[in-house]
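Asks: Dropping a structure here in structure tokens format, bear with me for questions.
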Amino acid sequence: MTYTARHRMLAGTAAGLLAASLGVAVSATATAAPRTAAASACTISTLPYPADTYRAEASVIDPSGRFVAGAALRVLDSGNQNLLLFWDGQQVTEVDAAGGVSPVGVNESGVVVGNGWADNGIGRPWVYRNGQFELLPVLPSTGIFVTDINKAGDIVGYGSDIVAGEYVGLLWPAARPGTVEVLNAPVNAMPIGITANGTIVGHAGSFGDETGWLRRPTGRIKPLAVPGGGSTTVNAAAGSWAIGQVWLDGTSPAKVRWDLRDGSYTTLDPEVGLDDVNAKGVVVGGDRVARGSTSQVLPGGGVRINIGARSISDTGAIVGFRNADRVTPVRWTGC
């Protein structure tokens with residue numbers, strides 16, 4: 001899950017307890033060109049989605065590129081209906097989510113994690129697997145949110161006021177189902193991502209004065225920083241890579257990609273968003289995809305047509321949204 005996605009999630013409306021009932025599977029055929037060396041091979045296609053929804057968006061894709069999760073809104077006479085959308089290839093399943101739904105991660109087994117809201121307005125995380133929603137165990141808190149899941153099924157997130165006035169890093173270990181643990185992490189920590197080998201990255205500290213950090217599977221904690229840099233936030237991680245922002249001159253942040261193997265970093269094109277990174281170090285966000293220090297604009301946008309890349313698989317498939325009179329879920333390939 002990305003730092004940007006976390007802010008989108010926190011902007012959601014508090015509503016009733018998270019509940020779910022399995023809907024009807026829909027399938028359709030979308031066109032996409034095979035990947036070639038030519039830039040013209042980069043294509044956009046619309047993912048199938050329930051036609052009677054007001055808006056729909058693809059939020060996350062698993063590293064293999066098979067599973068995608070997103071959200072949709074259906075407007076009814078009795079009120080709005082929030083839906084989780086789950087794609088397995090070109091087949092989409094809609095799942096009613098009464099308390100609102102924000103998927104933040106999906107792994108190679110098709111397990112989706114995300115956040116909803118309890119009826120008292122407190123954040124309540126969930127997991128969707130084998131066609132069913134389950135609420136994750138929580139600790140007493142004013143709000144608990146998940147941020148990512150890895151291949152093994154380990155889930156990370158954070159809670160507020162478990163320690164008064166602070167955020168606390170949390171882990172839901174796949175090896176101990178039904179449990180949640182407080183992470184050994186820096187004070188006031190927000191874990192943002194967990195890689196396939198169990199490395200956890202995040203930032204800690206008060207708003208505007210954050211520091212980046214990584215935690216190895218052994219429990220060793222190291223800073224994730226830039227020499228001479230100031231406040232640092234981490235947005236996403238995969239494989240040996242993490243992305244984020246560092247304030248270098250006190251007036252504007254630089255966008256960077258860290259190599260988690262040695263802590264080195266490279267500066268990214270300031271035009272690219274920081275929504276996600278894959279295990280090959282490819283970055284997506286906004287209307288762009290970046291390899292190295294340069295970025296390319298994704299197709300599908302235009303005059304009064306907005307696009308947004310949200311997540312990228314290790315195969316290079318990208319998912320997000322396109323807004324041309326209505327918001328629809330899309331996939332880019334060959335980019």
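The values are calculated or read from the model by the stated rules, or taken from the named source; none is laboratory data. Fair warning: this is a prediction, and the values are worked out from it, not measured in the lab. Here the Cβ is made from the backbone with ideal geometry for all residues, glycine too, and neighbour counts use every protein chain on show. Each accessible area value is taken on the protein alone, full model and side chains, heavy atoms only, with ligands, DNA and RNA left out. Shrake-Rupley method; radii C 1.70, N 1.55, O 1.52, S 1.80 Å.
Asks: With the structure loaded, tell me whether residue 325 is touching a Ser or Thr at 6+ places or on another chain (Cβ under 8 Å), of a type in the set (D, E, K, R) and not in a strand (DSSP E or B) or whether it fails that test. Give the steps one after another, and end with the answer.
Replies: Details: touching a Ser or Thr at 6+ places or on another chain (Cβ under 8 Å): no; of a type in the set (D, E, K, R): yes; not in a strand (DSSP E or B): yes.
Judged against the criteria, residue 325 is not a match.
Asks: Looking for something open to solvent by less than 10 Å² (accessible area, probe 1.4 Å) and without any contact (Cβ under 8 Å) to a residue 40 or more places away in the chain - is there at least one such residue anywhere in the range 310-330?
Replies: No; the residues of the range 310-330 include none that is open to solvent by less than 10 Å² (accessible area, probe 1.4 Å) and without any contact (Cβ under 8 Å) to a residue 40 or more places away in the chain.
Asks: Could you grab me the full set of residues in the range 41-71 that are among the aliphatic types (A, V, I, L, M), in a strand (DSSP E or B) and farther than 15 Å from residue 101 by Cβ?
Replies: Taking the range 41-71 and keeping what is among the aliphatic types (A, V, I, L, M), we get 41, 44, 47, 51, 56, 58, 60-61, 68-69, 71.
Filter once more, so that each one left must be in a strand (DSSP E or B): 44, 56, 58, 60-61, 68-69, 71.
Across the range 41-71, the qualifying residues are 44, 61.
Asks: If you don't mind, there's one more thing I want to ask. If you check residue 106 against the conditions, is it buried (at least 19 other Cβ atoms within 10 Å of the Cβ) and at pLDDT 90 or above?
Replies: Numbers: buried (at least 19 other Cβ atoms within 10 Å of the Cβ): yes; at pLDDT 90 or above: yes.
Criteria met by residue 106.
Residues checked against (1) at pLDDT below 95; (2) not aliphatic (A, V, I, L, M):
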site	(1), (2)
208	yes, yes
226	yes, no
251	yes, yes
257	no, yes
261	no, yes
265	no, yes
269	no, yes
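Asks: Of all residues in the range 251-306, which are without any contact (Cβ under 8 Å) to a residue 24 or more places away in the chain and either under 17 Å from the mean Cα position of the chain (by Cα) or buried (at least 20 other Cβ atoms within 10 Å of the Cβ) (or both)? Show your work before the answer.
Replies: Let us first name the residues in the range 251-306 that are without any contact (Cβ under 8 Å) to a residue 24 or more places away in the chain, namely 251-253, 255, 259, 261-262, 264, 270, 272, 286-288, 290-291, 297, 301-306.
Passing the criteria: 255, 272, 286, 287, 288, 290.
One line per residue, one yes/no per condition, for (1) among the aromatic types (Phe, Trp, Tyr); (2) open to solvent by 10 Å² or more (accessible area, probe 1.4 Å); (3) part of a strand (DSSP E or B):
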| residue | (1), (2), (3) |
| --- | --- |
| 75 | no, yes, yes |
| 80 | no, yes, yes |
| 95 | no, no, yes |
| 98 | no, yes, no |
| 119 | no, yes, no |
| 139 | no, yes, no |
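Asks: Is it true that residue 209 is of a type in the set (Asp, Glu), within 17 Å of residue 234 (Cα to Cα) and over 20 Å from the mean Cα position of the chain (by Cα)? Lay out the reasoning, then the answer.
Replies: On the way: of a type in the set (Asp, Glu): yes; within 17 Å of residue 234 (Cα to Cα): yes; over 20 Å from the mean Cα position of the chain (by Cα): yes.
Taking the combined requirement at face value, the residue satisfies it.
Asks: Within the set of pairs 6+ apart or on separate chains, which have a first residue in the range 64-77 that is closer than 14 Å to residue 330 by Cα, a second that is aromatic (Phe, Trp, Tyr), and C-beta atoms under 7 Å apart?
Replies: Cβ pairs passing all conditions: 67/87; 68/87; 69/86; 72/49.
Asks: Right, next: Could you please find all residues in the range 282-322 being in a loop (DSSP other than H, G, I, E, B) and touching a strand residue (DSSP E or B) at 6+ places or on another chain (Cβ under 6 Å)?
Replies: Here is the first cut: in the range 282-322, the ones in a loop (DSSP other than H, G, I, E, B) are 282, 287, 292-293, 298-301, 303-304, 313-317.
If the condition is that a residue be in a loop (DSSP other than H, G, I, E, B) and touching a strand residue (DSSP E or B) at 6+ places or on another chain (Cβ under 6 Å), then 282, 287, 298, 299, 300, 301, 313, 317 are the ones that fit.
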